[in-house]
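Since the structure comes first, as structure tokens, the remarks are kept for the end.
The numbers here are math on the coordinates, done by the rules we state, and not lab data. As the structure is a computational prediction, the values presented were derived from the model and not from experiment. Cβ placement follows ideal geometry from the backbone for every residue including glycine, while neighbour counts extend to all protein chains displayed.
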Amino acid sequence: MTCTVAAWLRDDWPALTGAGFFCGVNWGSLAAIEGILQMSRVCVVGLGYMGLPMAAILAKHGHDVVGVDINPEVVARVNEGVCPFVEPGMPELVSEAHASGRLKAVGVPEAAEIFVLSLPTPVDHASHEADMRFVEAGAQSIAAVLQGGELVVLESTSPIGATRRNVVEVIEGLRPELAGKVDYVFCPERAIPGNTLKEMIGNDRLVGGLTPRAGERAKALYASFCTGALLDATTEEAEMVKLVENASRDAQIAFANELSLVCDRLGLDVWKVIQLANHHPRVNILTPGPGVGGHCIAV
Ligand SMILES: NC(=O)c1ccc[n+]([C@@H]2O[C@H](COP(=O)([O-])OP(=O)(O)OC[C@H]3O[C@@H](n4cnc5c(N)ncnc54)[C@H](O)[C@@H]3O)[C@@H](O)[C@H]2O)c1
């Protein structure tokens with residue numbers, strides 16, 4: 001419901017006022033609608049390949065956005081209205097968001113109603129574990145400005161339990177008086193560079209609230225721009241699903257690459273083999289490539 005309402009609000013909401021308009025909408029959904037109509041002050045921590053598009057999209061959809069990055073060059077570029085990396089549509093979107101006055105960048109977090117953590121989670125090659133220091137540093141930095149009543153969203157690809165362990169416990173360790181007063185949710189980002197803006201808006205989203213209220217608040221935020229379905233999950237389910245998606249993709253890429261090596265050894269044309277095999281109604285082998293990598297699908 002939230003999603004459908006959001007879809008038409010996105011185009012028409014400035015023209016829609018008056019209680020009569022909401023006739024027929026159930027009251028549970030109304031809370032989400034109010035969240036959309038109010039538009040929030042959102043602090044996006046980490047202005048990289050995922051965080052800056054998210055910040056710029058939120059600004060385009062009426063939110064007042066403060067982007068935070070520890071890299072002063074990134075902060076300076078964004079404050080000039082320039083996207084510091086190559087991504088289709090981003091130069092125009094960042095320039096537009098900057099010109100609207102709804103996107104600014106800073107080096108340390110400022111008070112806001114909603115915090116989105118979009119921080120790196122690389123794999124530590126010695127331990128083969130996710131390096132959560134960036135997320136913990138981000139949680140520490142927002143702990144200083146939380147007042148109670150905020151929503152904190154972790155979007156980084158993270159191990160099971162990370163939202164509680166690396167965000168909630170870090171914040172409550174520094175600010176014990178905030179226990180039970182801040183809403184937390186894990187909403188993994190599933191976009192792919194090269195098509196980030198389209199996917200960030202159009203992909204279905206997992207919403208893993210630590211509490212139902214946290215989930216509803218996060219859904220109101222995403223419904224303000226997302227045209228995909230907003231899927232309820234527990235926090236740990238959402239963390240697991242994101243890793244399962246990546247693991248599945250990783251295995252499929254590995255299969256295609258292994259097949260390429262095997263065909264090479266046998267003197268067979270791997271492209272033709274895959275093309276013919278993919279005629280099977282339940283086979284869909286990927287295209288082989290030079291390898292696999294990135295934060296999400298670890299090398
Ligand atoms: N890039 C992708 O294709 C992709 C897709 C889906 C999910 N993800 C996940 O999203 C998360 C972010 O990935 P990314 O590709 O945007 O990373 P990135 O490296 O492009 O950007 C991260 C940004 O965070 C900043 N940063 C680091 N520590 C900080 C701190 N304490 N406070 C403020 N800023 C800080 C860095 O300077 C950098 O600009 C990762 O968990 C990644 O796995 C990435």
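Tabulated data for the structure shown
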read-out: Residue among A55, A256, A144 with the largest mean-square fluctuation in a Gaussian network model of the chain, springs linking Cα atoms under 10 Å; value: A256
read-out: Residues Q275 and N195, FRET efficiency given R0 of 22 Å [Cβ-Cβ distance, rounded to 0.05]; value: 0.40
read-out: Normalised alpha carbon radius of gyration of the chain [divisor 2.2 N^0.38 Å]; value: 1.08
read-out: Convex hull of segment 113-252 built on C-alpha atoms - directionally averaged projected area, nm²; value: 8.7
read-out: Segment 184-293: trypsin sites (Lys or Arg not before Pro) in DSSP coil with no more than 14 other Cβ atoms inside 10 Å; value: R282
read-out: Tail fraction, Cα-Cα pairs, segment 93-133, threshold 11 Å, whole percent; value: 76
read-out: Segment 266-291 versus segment 207-250: alpha-carbon centroid distance in Å; value: 33
read-out: Extension gain, V283 back to R41 (0.36 nm per residue minus Cα-Cα distance, nm); value: 82.5 nm
read-out: Extension gain (nm, one decimal) between E73 and L174, 0.36 nm per residue minus Cα-Cα; value: 33.4 nm
read-out: Segment 41-48 - phi-based ³J(HN,Hα) in whole Hz, Karplus 6.51/-1.76/1.60, Gly and Pro as x; value: 8, 10, 10, 9, 9, x, 10, x
read-out: Sites T227 and L266, calculated FRET efficiency, Cβ-Cβ separation with R0 45 Å, nearest 0.05; value: 0.50
read-out: Relative contact order (%) - the chain, alpha-carbon pairs under 8 angstrom, separation at least six; value: 16
